[in-house]
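The structure appears below as structure tokens.
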Amino acid sequence: MKSEIQYIRELAKKQLEYALSAENKKREELWYRHNSLNGQEGFPVVVEEDTFFNGVCPQLKCEDPLLREMEYQIVKNIWARENINDDKVTPDFFSMYPIVDINWFGINFTRI
């Protein structure tokens, strides 16, 4: 587990390097100009990889479920930057999503 944590830290450092790069700053500026309707150089291009990423995802190394989820998210950001290199901005943060369990009026919902 300790080696998995170190591995996640190394992946996070690599993602942060991409996030702080000059190329990433240019992408941020491109999006700000585009969103303010001032983009003169055309539209940003984004490839949606959610539908096929599991088919090209490198072999994950972490066994711990939480660390494996973290690894997946970070590897996905790094892989997209190194292999697709579209106009997506590489984030300088790690997203945490809340787990929400809803039981409205005593009715159990099953998502299929």
Return a single number: how many Lys pairs in the chain, at a sequence separation of 8 or more or on separate chains, have alpha-carbon atoms below 15 angstrom apart.
-> 7
Given [x] 14.7, 43; [y] 16.9, 60; [z] 17.8, 54 as possible values of Rg and Dmax of the Cα atoms in Å, the one from the coordinates is [z]
In what sequence, highest mean first, do 41-47, 74-80 appear when ranked by Cβ atoms within 10 angstrom?
-> 74-80, 41-47
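Read-outs: derived from the displayed coordinates by stated rules, not from any lab. Quantities reported herein were computed from a predicted structural model and do not represent experimental measurements. Don't worry about glycine lacking a Cβ; one is built from the backbone with ideal geometry, like all the others, and counts go over all protein chains shown.
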